[in-house]
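Chemist: Sharing a structure, written as structure tokens. Questions coming.
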Amino acid sequence: MKGRKLLMIPGPIEFEPEVLQAMGIPTQSHVAPDFIETFGNSLELMREVWKSPKGQPFIVAGTGTLAMDMAAANLVEQGDRVLVISTGYFGHRFKDIMDRYGAETTILEAPIGDVVSLEAIEKELQSKQYKALTITHVDTSTGVLVEPKPIAQLAKKYNTLSILDGVCSVAGEEIDQDEWGLDVVLTGSQKAIGVPPGLALLIASQKAMEVWKKRKMPVSNYYADWNNWLPIMKAYEERRPSYFGTPAVNLIVALEASLKIIAAEGVEERVKRHQILAKAFREGVSSLDLEILPERNEIAANTLTAVYYPEGMDGTALLSKVAESDVILAGGLLSEIKTNYFRIGHMGSVSANDLIAVLGALERALSELGHDINSGKSLQAFQNVLLGSN
Ligand code: PMP
């Protein structure tokens, strides 16, 4: 299809045709038997993808930020201490949200492109009793990947709830919610879950639900209050009609379709595909002498890559040139370095073909802007990784 664009930003992403078709069906009643089944199935499939057979899933119309807001509104009360572990822009967002609910927030900030050390986290947890800590699994502003498991273990040791912002990771990076002891894992629909924007998705552990039940004060956010949503989630899972706020019917039909695709691929297989493609892509980018933002490969996300522009190059011109090849990339987001780097999303339905198209467009754009390019070099580096991984 001439002029077909390839959307390679870190969300919204390219969606599977089956998901878009599912979304286009005539809208059903939110209490129609078929829709009740769809909603119930989606809740069950979420448990499979999050690896949380014991958790309580929530599907609510909104974005990833609402899922963050929901975790904060329900679990944090005025004066509670919250530790925010930040690797970029979205760590700061979590701090802002926690502050809004009256938390006493401490932020541990990683240097740009790096992670906060476990020693620093443990030291902070030892110093005061924290009610909760937040982790950004992949900060979409830096492309830095944090390992949640040891942090969740520390949280458990110090009797602190662990909340994982998985907006840029769920269904793309390894997550084992129950096994790792994460109390909340949240995301939005438009990233690796593979559904157009508009759903806030979250699973809370039994411990988180107990903490919520023992609140002293009512939840101050009416829409986000689990008192309103828990009976709805329970009803749909028991295949009974119910109502609090009209669910985003078509998006939930699309969610079921996408979760089925994810389950059919297998969560482990899907994560492995993300890991292999991301590794090959980083090799391709590095072969062009471009610098990747995360300091080390082990902390580079598998769902997106953040890359510095070549020294002295006009970033906007580069992205516009790439867009002339119908490949859409994203600019920088972290305010300190916003104009120095760009981002490529590679999650969900992403394939090797998509990334070869990105590398090809990038090589042409760099060359047209006067960068010395050995044409095909990044494609070769990319292919070598893929062939080596067979
Ligand atoms: N956290 C992270 C890590 C994100 O990448 C995003 C979205 N880019 C959000 C939170 C906020 O999600 P939304 O834009 O859907 O509100």
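Chemist: Anything in segment 321-353 that is under 21 Å from the mean Cα position of the chain (by Cα) and among the hydroxyl-bearing types (Ser, Thr, Tyr)? List them, or say none.
Modeler: Result: 335, 341, 349, 351.
Chemist: Select from segment 3-43 the residues that are of a type in the set (D, E, K, R) and within 20 Å of the chain's Cα centre (by Cα) and list them in ascending order.
Modeler: Once the filter is applied, which keeps residues that are of a type in the set (D, E, K, R) and within 20 Å of the chain's Cα centre (by Cα), segment 3-43 yields 14, 16.
Chemist: Follow-up. Look through segment 257-275, keep the residues that are more than 20 Å from residue 385 (Cβ to Cβ) and not aliphatic (A, V, I, L, M), and return whichever of them is surrounded by the fewest Cβ atoms within 10 Å (Cβ to Cβ).
Modeler: 266
Chemist: Can I ask one more? With 78, 177 as the choices, which residue is in contact (Cβ under 8 Å) with a residue 60 or more places away in the chain, surrounded by 24 or more Cβ atoms within 10 Å (Cβ to Cβ), away from the ligand (no atom under 16 Å from the Cβ) and not hydrophobic (A, V, I, L, M, F, W, C)?
Modeler: Only one candidate qualifies: 177.
Chemist: With the requirement that a residue be under 12 Å from residue 35 (Cα atoms) and not in a helix (DSSP H, G or I), what does segment 247-274 give you?
Modeler: 247, 248
Chemist: For residues that are touching a Leu at 6+ places or on another chain (Cβ under 8 Å) and part of a helix (DSSP H, G or I), tally how many sit in segment 275-297.
Modeler: Result for segment 275-297: 6.
Chemist: Sticking with this structure for a sec: Using the structure shown, decide if residue 31 is within 16 Å of the ligand (Cβ to nearest atom) and in contact (Cβ under 8 Å) with a residue 24 or more places away in the chain.
Modeler: The answer is no for residue 31.
Chemist: Taking residue 365 and the conditions (1) buried (at least 22 other Cβ atoms within 10 Å of the Cβ); (2) closer than 30 Å to residue 110 by Cα, which numbered condition does it fall short on, given that it satisfies the others?
Modeler: All conditions pass for residue 365, except number (2).
Chemist: Just name the residue that is farthest from the ligand (Cβ to nearest atom) out of those in segment 47-64 that are in contact with a helix residue (DSSP H, G or I) (Cβ under 7 Å, 6 or more places away or on another chain) and in a helix (DSSP H, G or I).
Modeler: That would be 48.
Chemist: Please go through segment 373-382 and pick out each residue that is under 20 Å from residue 323 (Cα atoms) and either buried (at least 22 other Cβ atoms within 10 Å of the Cβ) or free of Cβ contacts under 8 Å to residues at least 40 places away in the same chain (or both).
Modeler: Those that are under 20 Å from residue 323 (Cα atoms) and either buried (at least 22 other Cβ atoms within 10 Å of the Cβ) or free of Cβ contacts under 8 Å to residues at least 40 places away in the same chain (or both): 375, 376, 378.
Chemist: Something else about it: Assigned by TED's automatic domain parsing to the domain that holds residue 123, within 14 Å of the ligand (Cβ to nearest atom) and assigned to a loop (DSSP other than H, G, I, E, B): is that true of residue 185 in this structure?
Modeler: For residue 185, the condition - assigned by TED's automatic domain parsing to the domain that holds residue 123, within 14 Å of the ligand (Cβ to nearest atom) and assigned to a loop (DSSP other than H, G, I, E, B) - is not met.
Chemist: Using the structure shown, decide if residue 243 is crowded, with 16+ Cβ neighbours inside 10 Å, aromatic (Phe, Trp, Tyr) and more than 30 Å from residue 376 (Cβ to Cβ).
Modeler: no
The values are calculated or read from the model by the stated rules, or taken from the named source; none is laboratory data. Nothing here was measured: the structure is a model prediction, and the numbers come from that model. Note that we place each Cβ from the backbone using ideal geometry, even for glycine, and neighbour counts take in every protein chain shown.
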